[in-house]
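Contents: one structure, followed by commentary.
Values in this text are rule-based calculations from the coordinates and carry no lab data. As the structure is a prediction and not an experimental result, all values here were calculated from the model. As a convention, Cβ positions derive from the backbone with ideal geometry for all residues, glycine included, and neighbour counts pool all protein chains shown.
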Amino acid sequence: MADTNSGQAFTGQLGSATRAILPSALVTHVHLLRHGDVAQMGARVVRGQLDVPLSQHGQAQSEQLAAWMQAHVPRPDAIWTSDLSRCVQLAELCSRAQGLTYRSDSRLREQSMGRWEGRTWEDVSTHEPAATSAYWDDYWLAAPSGGESLQTVQARALEVLHELLAQHAGGRVVIVTHIGIIRTLLCAWLGVPGTQALRFAPATASHTQVLISDTGAVLEAVGERPWLYGAAAQSKAESVQSAGHTRARRIALSGSAGTGKTTLGKRLAAELGVPYLDEVMRTRLERGLRLDGLSRADWRALIRDLWREQSELQAQARDGFVADRSSIDYAAFWLHYGLHTDAQETADFFEEMAAASSLVERIVMFPWGVLPLVADGVRTPDPWTQLAFHNTLQGMLRRYARSPVLELAPTRDLEERMRWTLERL
């Protein structure tokens, strides 16, 4: 990144830190542009590869992004685009501004959602509940009915990039595409597991910049809207706020294991366009962390370390997040595992967790006993152990949470859970 304090907008020059990471002289600059808003952007419709056009607002966004690219980014060697019209419209603007022709490729399309496309999520969840749950439980490998998995999307996107980089190694290329393609490419280039793809949530009409060399890849910018920088951005922010259109984007999910936090959390993050932050304890357990034999001192250190990791992830997600666990959950773990023998240490930790809870807009508390508890080899399948933790957590939330707590309605239906939560956000 540039070594200045001029903001995050890419200047076309590499900073000293980036040059140190990418010692190779052959660096390919890849600019990933996500299309602008489409018609009825707010409707909860499964679009996938439906060829929906840009809205009037999306067209204006595209014009601004194309103008910024022309003014601030050196002339590219090539412009490639998805063949869907919402991307072609932006590619045409960029090509015209740069005096280039663009190439369209169907492999740069959004993920195919198969028979779900054109239907509302409510309809899909009602008529195909098992398939819908399976998809949100493992969006990387699971495919919608008649559609493709995100892993398959990554494979075809990498095919295109292999061809493009072979033709323009050491040059500069612009790719106009969709959020699914951008997510999977970033995972591939940065060595991030595909199961974490939802951590990347570039906005519509945004610019993502990646530098690729034989030593690896460096992420220069992700999901920025540089055409909004400056006085215009402040004016827009003030107008939106005055109109009462602000919406909670830093959401923490709270509850005992097996209450459906992961499934709803991934879906909610995708709906809000923000990253989903996995529960760090679960991630470590899946990687082989052993809890047997830990002393109380070990448990204290572990809980503090888990919270430190989660708080760092939240701080990095500047545009918002949906996190599996609130800070109050860690205070409840402290009690649940009997770590409160030192009264002052406990009081200090609880105050720290209470203060941290004010950094999210909402905490969503999931009900115990509504969904069947499934043994997965990670969490205990004993419902009474989970109930004991749940009751502790519920009391802690009511006493210590400094942000509003939404107690999720006791329904099993994912679509009802989504509708209930979104209405209250």
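Which peptide among 178-189, 314-325 comes first, and what is the full order, when sorted by highest mean count of other Cβ atoms within 10 Å?
Sorting 178-189, 314-325 by mean packing, highest first, produces 178-189, 314-325.
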Residue by residue through the stretch 185-190, what is 3J(HN,Hα) from phi via Karplus (6.51 cos²θ - 1.76 cosθ + 1.60, θ = phi - 60°)? Round to whole Hz and write x for glycine and proline.
5, 4, 4, 5, 5, 9
Hey, can you grab everything whose amide H is under 5 Å from the amide H of HIS178? Only 5+ residues off in sequence or another chain; H modelled, so Pro and N-termini drop out.
none
5 Å is the cut-off here: which amide hydrogens, built 1.01 Å from N in the peptide plane, fall below it relative to SER55, excluding neighbours closer than 5 in sequence?
VAL38, ALA39
Can you find, among TRP420, LEU253, LEU339, the residue farthest towards the positive end of the dipole of the chain? Put +1 on the C-beta of Lys and Arg, -1 on that of Asp and Glu.
TRP420
From the phi angles alone, apply the Karplus equation (6.51, -1.76, 1.60; θ = phi - 60°) to the stretch 165-176 and give each ³J(HN,Hα) in whole Hz, x where the residue is Gly or Pro.
5, 5, 7, 10, 4, x, x, 9, 10, 10, 10, 9
For the chain, share of DSSP beta bridges that run antiparallel, in % to the nearest 5
35
Quick one: Kirkwood hydrodynamic radius for the stretch 89-131, alpha-carbon pairs, angstrom, one decimal?
13.5
quick note, the stretch 16-232, DSSP beta bridge pairs, % antiparallel (nearest 5) is 50
For the stretch 16-232, taking Cα atoms only, what is the radius of gyration to one decimal and the Dmax to the nearest whole Å?
17.4, 55
For the chain, the percent of all C-alpha pairs falling in each 10 Å bin, from 0 up to the bin holding the max distance, is 4, 20, 29, 25, 16, 6, 1, 0
Rounded to the nearest 10 degrees, the helix 56-72 long axis (Cα) sits at an angle to the longest Cα principal axis of the chain of 70
Non-local residues with an amide H under 5 Å from the amide H of ALA221, with H modelled 1.01 Å from N and Pro and chain starts lacking one, are GLN209
Taking Cα centroids, how far is the stretch 37-87 from the stretch 327-370 in Å?
43
Please tell me the relative contact order of the stretch 16-232 in percent, rounded to the nearest whole number, where contacts are Cα pairs under 8 Å and at least six residues apart.
32
Once Lys and Arg get +1 and Asp and Glu get -1 on their Cβ, which of LEU408, GLN70, GLN151 lies farthest toward the positive end of the dipole of the chain?
GLN70
Whole number please: convex hull volume per residue, Cα atoms of the stretch 247-424, in Å³.
111
